[in-house]
Structures are given as structure tokens and as C-alpha cells.
1. Just checking, which of E52, E58 is touching a residue at least 40 places away in the same chain (Cβ under 8 Å), out of contact with any strand residue (DSSP E or B) (no Cβ under 9 Å at 6 or more places or on another chain) and not aliphatic (A, V, I, L, M)?
2. Go through (1) part of a helix (DSSP H, G or I); (2) in contact (Cβ under 8 Å) with a residue 40 or more places away in the chain for V11 and report which single condition fails.
3. Can you name every residue in the stretch 49-58 that is surrounded by 15 or more Cβ atoms within 10 Å (Cβ to Cβ) and not in a loop (DSSP other than H, G, I, E, B)?
4. I'd like the full set of residues that are under 15 Å from E57 (Cα atoms) and touching a Leu at 6+ places or on another chain (Cβ under 7 Å), limited to the stretch 3-42.
5. Among the listed residues K46, K25, K32, identify the single one that is under 17 Å from M1 (Cβ atoms) and either outside any loop (DSSP other than H, G, I, E, B) or not β-branched (V, I, T) (or both).
Amino acid sequence: MKAYVNETLCVGCGTCEALCPDVFKLEGAVAKVIRQTCTDCCQSAKESCPVEAIWLEE
């Protein structure tokens, strides 16, 4: 599974980075995917995003 962030929707709250630092990192006020291959925490990060800016694809 691969992780993606819609940078237009992202508000930079940092929840994804806190939950899944191997995959997400805040750069300025926007989250970026630093390792596209998901780990176990990706689903939690997706579900916790307040603006639904994260999606996962097989």
C-alpha cells in the first residue's frame, strides 16, 4: 500500500507525523510523504487527519 497527501487540503496539524513519522514529515505548514510504502501506522494517520488529506492506495 502507498500513502499520499493532498497538499492543497493539508493544514499542517502534524497528527500524521506524530502517528507515523517513518512515512510523514511536516515541511513548513504542509505534510509530505517521505516514504511512500506504508507501515502499520498509515491507516491511523489517515483516519486522524482532520481534513481528510491523506489517502492510501494498493
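1. E52
2. (1)
3. I54
4. Hits for the stretch 3-42 are A3, C38, C41, C42.
5. Answer to the check: K46.
For (1) at negative phi; (2) under 8 Å from the mean Cα position of the chain (by Cα); (3) modelled with pLDDT of 95 or more, each residue gets a yes or a no:
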site: A3; (1), (2), (3): yes, yes, yes
site: N6; (1), (2), (3): yes, no, yes
site: L9; (1), (2), (3): yes, no, yes
site: C13; (1), (2), (3): yes, no, yes
site: C20; (1), (2), (3): yes, yes, yes
site: D40; (1), (2), (3): yes, no, no
site: S44; (1), (2), (3): yes, no, yes
site: C49; (1), (2), (3): yes, yes, yes
site: A53; (1), (2), (3): yes, yes, yes
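The values are calculated or read from the model by the stated rules, or taken from the named source; none is laboratory data. From a predicted model like this one, the values you see are computed outputs, not experimental measurements. When we count neighbours, we look across all protein chains shown, and the Cβ atoms used for this are built from the backbone with ideal geometry, even at glycine.
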